[in-house]
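I have placed the structure first, in the form of structure tokens, so that the comments after it can refer back to it.
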Amino acid sequence: MTPDISNWRASPNYDYIDRLVAPDLAWEWLRRNSEYQHDYSKVEGQTEESELLVNAVRRRWGLQFPCPPYFHRR
């Protein structure tokens, strides 16, 4: 989940940020956080539901999920 930073100075690439509501803006910054990316990769890499891991990530980052997580087998 490494972001493409090749055009990070190009203002048009970030014009959409002006139209974001608070939760969307928070997500844009959270998903770029390397520690969050690490935690996410641990959850995503699970082949079976791991409620303890999901809850730990949820607590660490202050996330709330409206539905139970859906884990798919690869």
Computed from the beta carbon distance with a Förster radius of 35 Å, FRET efficiency for Leu52 and Tyr14 to the nearest 0.05 stands at 0.40
Is there a quick way to get the dipole size of segment 20-61? I mean about its Cα centre, with the Cβ of Lys and Arg at +1 and of Asp and Glu at -1; what is the value in debye to the nearest 20?
200
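If you take the square roots of the eigenvalues of the alpha-carbon gyration tensor of segment 20-61 and sort them as a ≥ b ≥ c, do you get rounded (a/c under 1.5), prolate (a/b over b/c) or oblate? Kindly include the intermediate steps, with their values, before the conclusion.
On the way: a/c = 2.47, a/b = 1.99, b/c = 1.25.
The shape class here is prolate.
Rule-based calculations on the coordinates, nothing more; no lab input. Just so we're clear, the structure is a prediction, and the values are computed from it rather than from any experiment. So basically every Cβ, Gly included, is an ideal-geometry build from the backbone, and we count neighbours across all protein chains shown.
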